[in-house]
């Protein structure tokens, strides 16, 4: 009987050991840019939810919009011996050295929502939207809806040097090409933040006849657009009417603005980059088969015709 009990105990212990070596033992470091926008906060929330759902131990680091903080976080993750690293890079360049360190430690790195300029053997894959396409969709909407009249555009750019700022500007300009009545007359970074977006929009309005010479505002994200909308209102103009407002991300607040007639269009960037990233990581750890270098997420154009308050209610609990 004692031998039987001993064997049973050993079997249970072995089962526990093998069970804990699965997903529950998976440790992933996540270097997040910061919390510069509602979308960014939602991405963080969804990533944590996906990790919890899958039994993954997520080591989270907030870089506060500084690349040096992200590099320190990545080195810390390598020192801890995590199984993988998720990186939402604040800028495109300057990653080679730290990524080589992760590669030497055999720790796969997955990029979330942004790309980098580095040899593609230094990261496993990038889970992103097509950000050039996002900018192009925004521009095509404006071209279609502003018509043949002269349209002077002011542009609130994202963080200087970041891949979404570069790509969303490129796509928007591609959409305007060949339409000579559309002209970007002012373009400046608002750092993806609501407060900076408001500040920069105030300077645009002063420079453009109190805003009377502005046909449209294009913002690289909704938070800057919301700040810009506030500046337009304080200048005594009607956003969405006197100045058309088109932006990117589809965060809840832009739908409230849309319902109030103060915003005209937004292009969705899903905050769930982590779901596909965890799926790819799981498959890679099982068979070591390299995934595609780019996994594209879905984008969608929303306008007031899409029942903005219904969309707001569906999104407001996601952590924005």
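Values quoted throughout were computed directly from the atomic coordinates according to the rules given, and no laboratory measurement underlies them. Note that the structure is predicted; figures quoted are calculated from it, not measured. Ideal geometry is used to build each Cβ from the backbone, glycine not excepted, and the neighbour counts take in all protein chains shown.
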### Crossing angle, helix 131-146 versus the chain [Cα axis fit, 0-90 degrees, rounded to tens]
30
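For the pair residue 179 and residue 96, what calculated FRET efficiency results from E = 1/(1 + (r/R0)^6), where r is the Cβ-Cβ distance and R0 = 45 Å, to the nearest 0.05? Walk me through the numbers before you get to the answer.
Values: r = 40 Å, r/R0 = 0.88.
With a Förster radius of 45 Å, E is 0.70.
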### Query
Using a basic spin-label model with each label point 7 Å from the Cα along Cα→Cβ, how many nm lie between residue 133 and residue 105?
3.4
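Hey, what did the stretch 91-145 get for relative contact order, percent, Cα under 8 Å, at least 6 apart?
Numbers: 48 pairs, mean separation 17.1, N = 55.
Rounded, it is 31 percent for the stretch 91-145.
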## Note on the structure
So for the stretch 209-248, using the alpha carbon gyration tensor with a ≥ b ≥ c as root eigenvalues (a/c under 1.5 gives rounded; past that, a/b versus b/c decides prolate or oblate), I'd call it prolate
### Message
Can you classify the stretch 136-219 as rounded, prolate or oblate using the Cα gyration tensor, where a ≥ b ≥ c are the square roots of its eigenvalues, rounded means a/c under 1.5, and otherwise it's prolate if a/b beats b/c and oblate if not?
### Response
oblate
## Note on the structure
Heads up, the chain by the C-alpha gyration tensor (a ≥ b ≥ c square roots of eigenvalues; a/c under 1.5 rounded, else a/b over b/c prolate, else oblate) looks prolate
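Quick one: compute the contact order of the chain, relative version, from alpha carbon pairs under 8 angstrom and 6+ residues apart, as a percent.
Details: 646 pairs, mean separation 54.1, N = 320.
Relative contact order for the chain comes out at 17 percent.
Using a 10 Å cut-off on Cβ atoms, rank the peptides 153-165, 86-98, 137-149 from the highest mean neighbour count down. Write down the numbers at each step before the final one.
Numbers: 153-165: 22.6, 86-98: 20.3, 137-149: 16.5.
For the peptides 153-165, 86-98, 137-149, the packing ranking is 153-165, 86-98, 137-149.
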### Message
Can you give the Rg/Rh ratio of the stretch 243-320, where Rg is from the C-alpha atoms and Rh is the Kirkwood radius?
### Response
1.15
### Query
Based on the inverse mean of 1/r over its pairs of different Cα atoms, what is the Kirkwood hydrodynamic radius of the stretch 163-300, in Å?
16.6
### Query
Measuring from label point to label point, each 7 Å out along Cα→Cβ, what is the residue 195 to residue 316 span in nm?
2.5
### Query
Could you give the Stokes-Einstein D for the stretch 50-125 in µm² per second, using the C-alpha Kirkwood radius, 37 °C, 0.692 mPa s?
259
